[in-house]
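Here's the structure, in structure tokens; my notes come after.
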Amino acid sequence: MEAMTSAEVTRAEYCVIACAEAWRGNGEVLASPMGLIPSIGARLARLTFSPDLLLTDGEATLVRPDGTAEGWLPYRQHLALVTGGRRHVMMGASQIDRYGNQNISCIGDWERPKRQLLGVRGAPVNTLNNPTSYWIPRHSRRAFVEKVDMVCGVGYDHVGAAARYHRIPRVVSDLGVFDFDTPDHSMRPVSLHPGVTPDHVREATAFELTVPDDVPQSRPPTAEELRLIREVIDPGNTRAREVAV
């Protein structure tokens, strides 16, 4: 299908495509997108290149991309999918470091934090038992830190031999797409959104990134994907609330 040019596509739409690509080739697994743009991305993936993807309403119903029910997922079965690796969650991160350790619990020392956040929630179980990607809408040195204040989601330097299904396929931000496919599992950019340079990303990151010599531009949507995003999945342009560029 014909791809659109960068001038015709918003940054938010590049982020939707980058999130959707996280589920490419996953087959029949449960997608658990947490956040607006990851949710649009998961629905787009289901409608296009990942038709076997399972979507949920967040409680107990499996749904079609339009939100109508197509199945029932009792809690016990949900847990079986999680512990068996048949789920791919895309979480947020208040902090993330070079090895993919994620923090959503607190800012500052645990005994006397400066700010209380969500709490650990299901991050440890997610990262130990099924693939976990991340969506971070504001790429900054406050989010991409040298060391997280608390490890909630487990990174590559902490996992050891305990995690059978531990894998962090990708991190998507408003600047680009990143993975950990390096010899020491440190973060590297695999694509940058239009208008973003490697120096821009370095300045917005508190740790030293492993930057390849030639970082490609993030994949633009095809004309059909753009139609689905704008006319079917998100006609109200709610995606612009997370990424307004």
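The values are calculated or read from the model by the stated rules, or taken from the named source; none is laboratory data. This one's a predicted model, so the numbers in the text were calculated from it and none came from an experiment. Don't worry about glycine lacking a Cβ; one is built from the backbone with ideal geometry, like all the others, and counts go over all protein chains shown. In case anyone asks, the SASA skips ligands and DNA or RNA and just uses the protein heavy atoms, side chains included. Shrake-Rupley method; radii C 1.70, N 1.55, O 1.52, S 1.80 Å.
Scanning region 197-231 for residues that are closer than 25 Å to residue 43 by Cα and among the aliphatic types (A, V, I, L, M) yields 223, 226, 228, 229.
The residue of region 126-136 that is surrounded by the fewest Cβ atoms within 10 Å (Cβ to Cβ), among those that are over 26 Å from residue 12 (Cα atoms) and touching a helix residue (DSSP H, G or I) at 6+ places or on another chain (Cβ under 7 Å), is 129.
Consider residue 11 carefully, then state whether it is closer than 30 Å to residue 196 by Cα, touching a residue at least 60 places away in the same chain (Cβ under 8 Å), of a type outside the set (A, V, I, L, M) and touching a strand residue (DSSP E or B) at 6+ places or on another chain (Cβ under 8 Å). Judged against the criteria, residue 11 is not a match. Every condition in (1) in a loop (DSSP other than H, G, I, E, B); (2) open to solvent by 80 Å² or more (accessible area, probe 1.4 Å) is met by residue 120 except one, and the failing one is (2). Scanning region 58-92 for residues that are in contact with a Gly (Cβ under 7 Å, 6 or more places away or on another chain) and part of a loop (DSSP other than H, G, I, E, B) gives a single hit, 92.
Considering region 83-116, the residues that are in contact (Cβ under 8 Å) with a residue 24 or more places away in the chain and among the polar types (S, T, N, Q) include one that is most open to solvent (accessible area, probe 1.4 Å), namely 83.
Of all residues in region 31-70, none satisfies the criterion of being surrounded by fewer than 21 Cβ atoms within 10 Å (Cβ to Cβ), within 15 Å of the chain's Cα centre (by Cα) and free of Cβ contacts under 8 Å to residues at least 12 places away in the same chain. Being farther than 24 Å from residue 36 by Cα and acidic (Asp, Glu) is the filter here; which residues of region 86-117 pass it? Hits for region 86-117 are 109, 111. Every condition in (1) of a type outside the set (Val, Ile, Thr); (2) outside any strand (DSSP E or B); (3) touching a Leu at 6+ places or on another chain (Cβ under 7 Å) holds for residue 55 except the one numbered (2). Checking region 70-77 against the condition returns a match, with at least one residue being over 23 Å from residue 242 (Cα atoms) and of a type in the set (Lys, Arg). The set of residues in region 28-52 being within 22 Å of residue 231 (Cβ to Cβ), part of a loop (DSSP other than H, G, I, E, B) and out of contact with any helix residue (DSSP H, G or I) (no Cβ under 7 Å at 6 or more places or on another chain) consists of 35, 49, 50, 51.
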